[in-house]
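Readers should treat all values here as calculations from the given coordinates under stated rules, not as data from a laboratory. Predicted, not measured: the structure shown is a model, and the values here were computed from it. Virtual Cβ from ideal backbone geometry, glycine too; neighbours counted across all protein chains shown.
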Amino acid sequence: VMLLVARELGFITFENLELPKVKAWVPLNILFVLMLATGTYSLKMLSVPMVTVFKNSNNVVITLMDFLVYRNMVSRGVAATLGIMLVAAVLAAKNDLEFTPLGYFWTAANCACTAAFVLYMPKAMSLTKLSSMGKVFYNNLISIPLIIVLDVLMFGDFMRFFSSDLSEISIELQLVLFLSGVAGFALSASSFQCMYYTSPTTYSLIGSLNKIPLTLIGVWLFATKMTLNGAVYIGLSLLAGVVFAYTKSMDKENKKSTNTRNVFEKQNSRDYTPEEIMLLERTEEARLRSTSLPSGLVRSRSKSLY
């Protein structure tokens, strides 16, 4: 509703619903809703610091699946930081004073759903070609029926809400529900906008850095009990997450500069493939035709490429 009002007022623009794009976006929304549901259960049974640590360690699952699905290799530095994150998460769980097997089951399920969501997102974005606000509109609108179905199957909040006396709901609870909806919308919109306006390096670093104040606020707000060893391992895991984001971003920059240098050296060495020679001939012919030069000069110039 907020998006539609903003579009009518001329503040933003985004695409209307189209069936082919909806079909391509639905799998991503299913993973998104499952990610929300499993995250809710994990937060219900585990402390905020432990959930944050394991969400941070989800980079291990994403990197492993990225290798298995897309065959994307990582450097030794990235692999080392992933190993530190994983070991620190396991040791932190071992020192967790509120350990519950069911809570860790839901956390593992949340990690799996999050990894699948992240890995499928590039494909959904390439198939739909949606703008930033278009992604927010599709994501939020398609999620509504999926959340209703999931609630009927697992939670039953909608039935309790409509069967209860609405006058008994306090103003404070109504305000909290409204603010949670606004916060969810702002989170979705800001995430897509951040990915659009900033580099992957900035986005990944922010994603790693914001887990540190989140953990500290969770400890203070919910009076989380933990041992000294547990606190050290949680801090180590969070620090490894920041180093992981920085190391991976540096690897991407180095790879980009290497590819640029290879292209430049190839152009200077005139080491052209037959396909590149044909393309250069056609480009040269088109340029010379535009300047009305005789075609014989075109062939004489193109011979120099060989």
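What do you get for trypsin sites (Lys or Arg not before Pro) in the range 103-193 restricted to DSSP loop and a cutoff of at most 13 other Cβ within 10 Å of the site's Cβ? Write down the numbers at each step before the final one.
Working: sites: Lys123, Lys129, Lys135, Arg160; in loops: Lys129.
Counting only loop positions with at most 13 other Cβ atoms within 10 Å, the trypsin sites (Lys or Arg not before Pro) in the range 103-193 are Lys129.
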Can you bin the range 17-93 into rounded, prolate or oblate? Criterion: square roots of the alpha carbon gyration tensor eigenvalues sorted a ≥ b ≥ c, rounded for a/c under 1.5, prolate for a/b above b/c, oblate for the rest. oblate
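Want the number for Leu141 to Ala183: 0.36 nm per residue separation, take away the alpha-carbon distance, what's left?
Details: separation 42, 0.36 × 42 = 15.12 nm, distance 1.60 nm.
Between Leu141 and Ala183, full extension yields an extra 13.5 nm.
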So which of Lys129/Lys248; Lys135/Lys248; Lys135/Lys211; Lys55/Lys129; Lys21/Lys211; Lys135/Lys225 end up more than 31 Å apart, counting from Cα to Cα? Lys21/Lys211; Lys135/Lys225
Prolate/oblate/rounded label for the range 36-187 (Cα gyration tensor, a/c 1.5): oblate
Sparse-neighbour loop sites [chymotrypsin sites (Phe, Trp or Tyr not before Pro); the range 8-57; at most 10 other C-beta within 10 Å; DSSP]: Phe11
Roughly speaking, what % of Cα-Cα pairs in the range 103-166 are separated by over 13 Å, rounded to a whole number? 75 percent
Trypsin sites (Lys or Arg not before Pro) within the range 1-101, DSSP loop, no more than 15 other Cβ atoms inside 10 Å: Arg71
Which FRET efficiency, nearest 0.05, do Leu173 and Ala231 yield, Cβ-Cβ r, R0 41 Å? 0.75
Which distance in nm do the two modelled labels at Ser191 and Ser126 give, with both placed 7 Å along the Cα-to-Cβ direction? 2.1 nm
May I ask for the net charge around Asn58, where only other residues with Cβ less than 15 Å from the Cβ of Asn58 are counted and Lys, Arg are +1 while Asp, Glu are -1? +2
Length added when fully stretched, Leu17-Lys44, from 0.36 nm per residue minus Cα-Cα: 6.2 nm
